[in-house]
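Here's the structure we're looking at; comments come further down.
The values are calculated or read from the model by the stated rules, or taken from the named source; none is laboratory data. All values reported here derive from a predicted model rather than from experimental measurement. Quick reminder, even Gly has a Cβ in these numbers, built from the backbone with ideal geometry, and neighbours come from all protein chains shown.
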Amino acid sequence: MNRTLNPAYRTRANRLLSAILIATVSFAAGLVSDANAAPQIELTPIVSGINSPLAITHAGDGSGRLFITLQVGRILIHDGQQVLPSPFLDIGALVSTDGERGLLSAAFHPNYVSNGFVYVNYTDLNGDTVVARYTVSADPNVADPASAVILLTISQPFANHNGGQLQFGPDGYLYIGTGDGGGGGDPSNNAQNLNSLLGKMLRIDVNAGPSYGIPPNNPFIGDPAALPEIWALGLRNPWRFSFDRLTGDLWIADVGQANLEELNIQTASSAGGENYGWRLMEGDSCFNPASGCNDGSLTLPVLQYDHSLAVQSRVATATAARTIRACPGSIFTETSAPAGYGAPPRMPPVHGRPRNCSIRISGSAPSVRMRRARCTWPICLRTPAPFSASAKS
């Protein structure tokens with residue numbers, strides 16, 4: 001869909017997010033013997049009543065604190081017992097917060113313990129994307145609001161499809177998900193334009209240059225027809241993405257147009273440069289043009305689901321599906337989970353072949369059947385790993 005959430009949907013989504021986002025997730029023990037049965041997911045809220053939480057992460061400093069990003073421009077701290085009364089960072093005066101705009105995510109530098117750097121992605125008062133760095137103050141629970149260093153600004157032609165996630169990869173580089181700029185159907189074809197940073201996965205080196213540098217192995221370095229920050233293209237609105245903590249594979253949840261939601265993968269061995277198809281394709285179907293859209297160079301999603309499979313409203317269905325599939329560092333397959341991952345639902349193979357899987361949230365929220373699934377299960381963990389969940393359209 002190509003609209004911002006109306007107030008009724010926003011209220012419903014925020015209520016659901018307040019219960020789901022800041023939660024620990026556990027799975028019922030035991031083997032699922034029925035091949036058609038869905039794993040049962042139990043959500044245990046640890047805090048409620050927070051307005052418009054969009055992401056949650058940690059600083060990697062061993063403190064056990066959770067940092068909760070609010071759309072309104074604040075980052076709160078949950079210290080393991082409660083939400084602290086003062087925010088870690090408040091840049092609300094700099095942030096536009098209507099529709100899909102706002103403070104969209106935060107990421108802590110891998111060497112945060114020594115340098116105190118935290119990076120944020122927000123839409124400014126003009127609606128443009130800003131990626132900025134802040135530094136923690138002498139108080140470990142407060143970032144210095146005067147320490148801002150703007151790394152990158154991207155002009156946004158419309159209010160929706162801002163992407164917004166930041167995450168450091170296993171290689172130490174900062175990955176930035178950008179939407180296609182919105183407007184419905186990517187009217188300027190930004191996602192396929194290598195001279196635009198919109199509709200892309202970007203990859204930059206925050207340890208080089210006055211603001212940032214370009215990693216020497218980015219795929220379009222030296223191409224005069226491309227911007228060197230681009231790591232992958234052909235994305236519509238990669239609202240959340242994840243690195244598998246064991247393999248380093250990158251999983252990208254991309255919001256669909258009108259019919260299909262999709263999950264893409266880039267293996268850790270990739271040299272970058274994948275084209276995930278938008279606006280040529282939506283999922284595995286041609287979009288623009290209506291036929292003959294794939295010359296064989298596009299990377300198709302490994303998983304997608306059709307909007308017509310929603311049991312309840314599209315907003316609630318998308319929230320449930322993306323909550324489960326957009327948890328960084330927590331991808332499981334049918335094989336047993338490695339140490340440190342926690343226990344995935346165990347789904348026996350059917351004659352050794354891939355099969356459809358379904359996910360159900362708490363028995364009352366929507367059940368979403370996944371097409372093209374390989375019985376791969378993203379799961380938010382109890383162990384400290386950055387994770388985030390939200391609804392987008």
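Quick notes on this one:
- Checking GLY296 against (1) farther than 20 Å from ILE230 by Cβ; (2) crowded, with 16+ Cβ neighbours inside 10 Å, the condition it does not meet: (2)
- Residue in segment 219-230 that is in a loop (DSSP other than H, G, I, E, B) and farther than 20 Å from GLY273 by Cα present: no
- Scanning segment 73-90 for residues that are of a type in the set (A, V, I, L, M, F, W, C), outside any strand (DSSP E or B) and either buried (at least 16 other Cβ atoms within 10 Å of the Cβ) or in contact with a helix residue (DSSP H, G or I) (Cβ under 8 Å, 6 or more places away or on another chain) (or both) yields one hit, PHE88.
- Selection status of ASP205, closer than 19 Å to SER270 by Cβ and among the acidic types (Asp, Glu): yes
- In segment 122-135, the count of residues that are touching an Asp or Glu at 6+ places or on another chain (Cβ under 9 Å), farther than 24 Å from PRO219 by Cβ, surrounded by fewer than 21 Cβ atoms within 10 Å (Cβ to Cβ) and among the aromatic types (Phe, Trp, Tyr) is zero.
- Of all residues in segment 258-269 being in contact (Cβ under 8 Å) with a residue 12 or more places away in the chain and surrounded by fewer than 23 Cβ atoms within 10 Å (Cβ to Cβ), the one that is nearest to GLY184 (Cα to Cα): ALA258
- Looking at ASP139, ASP180, just one residue is touching a helix residue (DSSP H, G or I) at 6+ places or on another chain (Cβ under 9 Å) and of a type in the set (D, E, K, R), and that residue is ASP180.
- LEU202 being among the aliphatic types (A, V, I, L, M) and either in a strand (DSSP E or B) or within 20 Å of the chain's Cα centre (by Cα) (or both): yes
- Test for GLN156: is it touching a residue at least 12 places away in the same chain (Cβ under 8 Å), in a loop (DSSP other than H, G, I, E, B) and closer than 18 Å to TRP239 by Cα: yes
- The set of residues in segment 164-187 that are in a loop (DSSP other than H, G, I, E, B) and either surrounded by fewer than 18 Cβ atoms within 10 Å (Cβ to Cβ) or under 11 Å from the mean Cα position of the chain (by Cα) (or both) comprises GLY164, GLN165, GLY169, PRO170, ASP171, GLY172, THR178, GLY183, GLY184, GLY185, PRO187.
- Checklist (1) surrounded by 15 or more Cβ atoms within 10 Å (Cβ to Cβ); (2) more than 19 Å from GLY199 (Cα to Cα); (3) at pLDDT 95 or above applied to SER291, failing item: (1)
- Enumeration of residues in segment 91-101 that are part of a loop (DSSP other than H, G, I, E, B) and closer than 12 Å to ILE75 by Cβ: ILE91
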